[in-house]
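No value in this document is a laboratory result; all are computed from the given coordinates. Since the model is a prediction, treat every value here as computed from it, not as a measurement. Backbone-built Cβ (ideal geometry, glycine too); neighbour counts: all protein chains shown.
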Amino acid sequence: MSVAKIKPTAAFHAVLGTDDAEVKRLASALAVELTPADGGDFSSDIIDGHAANAADAETRIRQTRDALLTFPFFGGEKLVWLKNANFLGDSVMGGAGGVLEALESLLETLSAGLPAGIRFLLSATEIDKRRTFYKTISKLGAVTVCDKLDTSKAGWEEAAIELARQLAQASGVRLDPAALELVALRTGGDRRTLTSELEKLALYVWGANRAVSAADVQLLVPLTAEAIIFELGNALASRETNHALALLQQLLQQKESPIGILLVAIIPTFRNLLAVKELMEKHRLSRPAQAFYFGKTLEKLPAEATDHLPRKKDGNINAFALGIAAQHAHRFQLQELLAAQKYTLETNIALVTTQQEPESLLQQLVIRLTAK
């Protein structure tokens with residue numbers, strides 16, 4: 001989750017993002033804080049932002065603008081909350097001409113400055129960040145963005161573990177380091193699922209006066225689709241053929257795309273293994289005891305040695321994924337990893353250009369990659 005620093009005195013606040021549970025939680029808490037304590041029934045004006053169609057969305061926007069320009073009864077202050085807006089995203093309704101015109105009118109009102117005593121709160125889980133509306137409100141008010149982790153992007157594992165650490169600390173749940181890592185990865189870093197699983201784990205060890213262990217997590221926390229993809233990568237790196245085939249079958253039964261499995265789980269695993277294998281042999285690097293430790297090792301290398309390594313969206317090296325690869329690189333010879341690049345390319349081409357059965361192609365690839 002990325003968060004813009006909130007100004008306590010700001011008249012305009014927005015809570016936005018794909019993590020709907022967190023958006024609703026933060027917006028509700030902020031609404032309590034912004035609602036005047038002594039305003040009575042006239043202290044807030046809440047507009048339901050869940051529109052059924054474009055015409056309905058236009059009406060909700062006009063109601064919001066009118067509320068912002070209406071002074072509170074008997075003076076004092078007032079909160080206007082456009083709640084759970086669903087017409088700010090990249091959708092047919094969000095792109096309708098009338099909706100865009102209404103939003104432009106709302107922007108003009110906000111840009112001119114709200115009347116004294118008026119506070120405005122906007123909450124929405126669908127927001128197109130490419131549009132003028134988002135770019136403008138980011139400059140006008142205090143904006144908090146709560147986005148779900150994108151497990152297709154490099155570096156999601158580190159973000160998931162950090163989120164799990166924050167939630168565990170906030171709820172007072174003690175976890176061993178291995179348990180923390182495992183619960184984050186098994187839940188795919190989903191905030192709602194993490195919160196629920198941490199509560200379950202806390203109840204399980206309640207009264208035992210001990211931290212949650214990795215064995216507890218393995219026993220109680222089911223694998224999400226994202227976690228199965230991660231586990232598949234680990235099974236491939238560990239050369240556990242039967243386990244890898246079972247995980248592959250599970251993903252296919254869940255209707256995951258065969259080409260997606262190849263691109264998200266298999267290719268990155270062997271790309272990382274090849275990258276760290278070359279580094280470890282050339283620079284005589286030791287196998288890390290924990291994946292996180294490998295980042296410190298990489299920092300000691302000259303820049304030219306790490307320029308080609310996979311990176312996250314922020315430009316930093318994806319150290320955690322490379323650390324996992326470094327823990328398993330000893331299982332492969334360099335020539336095997338070079339051959340793996342050829343095998344994955346051939347399978348990629350076959351999946352998109354031939355009529356061969358995708359399940360069979362992936363099964364054959366897994367066997368070739370993990371055979372000892």
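Cross-link partners of residue 255 among aspartates and glutamates, defined as those whose alpha carbon lies under 16 angstrom from its own and excluding same-chain residues fewer than eight positions apart: 226, 357, 359.
Note that the range 229-245 has calculated 3J(HN,Hα) couplings of 4, 5, 5, 4, x, 5, 5, 5, 5, 7, 6, 9, 4, 4, 5, 4, 5 Hz, one per residue in order, obtained from phi through the Karplus relation 6.51 cos²θ - 1.76 cosθ + 1.60 (θ = phi - 60°); glycine and proline are x. Computed over the range 228-290, the percent of Cα pairs more than 18 Å apart is 42. Computed from the Kirkwood radius of its Cα pairs, the Stokes-Einstein diffusion coefficient for the range 156-220 at 25 °C and 0.890 mPa s stands at 218 µm²/s.
Sorted largest first, the spans of the alpha carbon positions of the range 255-370 along the three principal axes are 48, 31, 24 Å. With the largest listed first and rounded to whole Å, the semi-axes of the equivalent ellipsoid of the chain from the Cα gyration tensor are 47, 24, 20. Charged neighbours of residue 50, selected by a Cβ distance under 11 Å, balance to -1 (K, R count +1; D, E count -1). Backbone amide hydrogens, once placed in the peptide plane, bring residue 318 within less than 5 Å of 311, 312, excluding anything fewer than 5 places away on its chain. Selection among 109, 67, 93 by position relative to the dipole of the range 12-145 gives 109 as farthest towards the positive end (Cβ unit charges, Cα centre).
Of the trypsin sites (Lys or Arg not before Pro) in the range 81-185, the ones in a loop by DSSP (not H, G, I, E or B) with at most 12 other beta carbons within 10 Å are 130, 153. Close amide-amide hydrogen proximity is noted between residue 12 and 120, 142, each under 5 Å apart and 5 or more residues distant or on a separate chain (H modeled in the peptide plane; Pro and chain starts excluded).
Ignoring lysines fewer than eight residues from residue 282 along the same chain, the ones with Cα atoms less than 21 angstrom from its Cα are 296, 300.
Taking the Cα centre of the range 280-372 as origin and assigning +1 to Lys and Arg Cβ atoms and -1 to Asp and Glu Cβ atoms, the resulting dipole is close to 400 debye. Remark: the range 186-201, residue by residue, has Karplus-estimated 3J(HN,Hα) of 5, 9, x, x, 6, 4, 5, 5, 4, 4, 5, 5, 5, 4, 5, 5 Hz, where x stands for each Gly or Pro and the curve is 6.51 cos²θ - 1.76 cosθ + 1.60 at θ = phi - 60°. Evaluating 6.51 cos²θ - 1.76 cosθ + 1.60 at θ = phi - 60° for every residue in the range 139-151, the Karplus couplings come out as 8, 8, x, 8, 10, 10, 10, 10, 10, 5, 5, 9, 6 Hz, glycine and proline recorded as x.
Given axes a ≥ b ≥ c from the Cα gyration tensor, I'd like to know whether the range 123-274 is rounded (a/c under 1.5), prolate (a/b larger than b/c) or oblate. Could you put the intermediate results ahead of the total?
Working: a/c = 2.30, a/b = 1.15, b/c = 2.00.
It is oblate, given that a/c is not under 1.5 and a/b is not larger than b/c.
Residue exposure proxy: 193, 132, 144, ordered by other Cβ atoms within 10 angstrom of their Cβ from fewest to most, comes out as 132, 193, 144. List, in the order given, every pair from 139/312; 135/200; 153/277 whose Cα-Cα distance in the structure shown is over 31 Å. Beyond 31 Å between Cα atoms: 135/200.
The local environment of residue 254, defined by Cβ-Cβ distances under 15 Å, has a net charge of -3 under the rule Lys, Arg +1 and Asp, Glu -1. Close amide H contacts of residue 81 (hydrogens built in the peptide plane, cut-off under 5 Å, sequence separation of 5 or more or a different chain): 45, 46, 47, 121.
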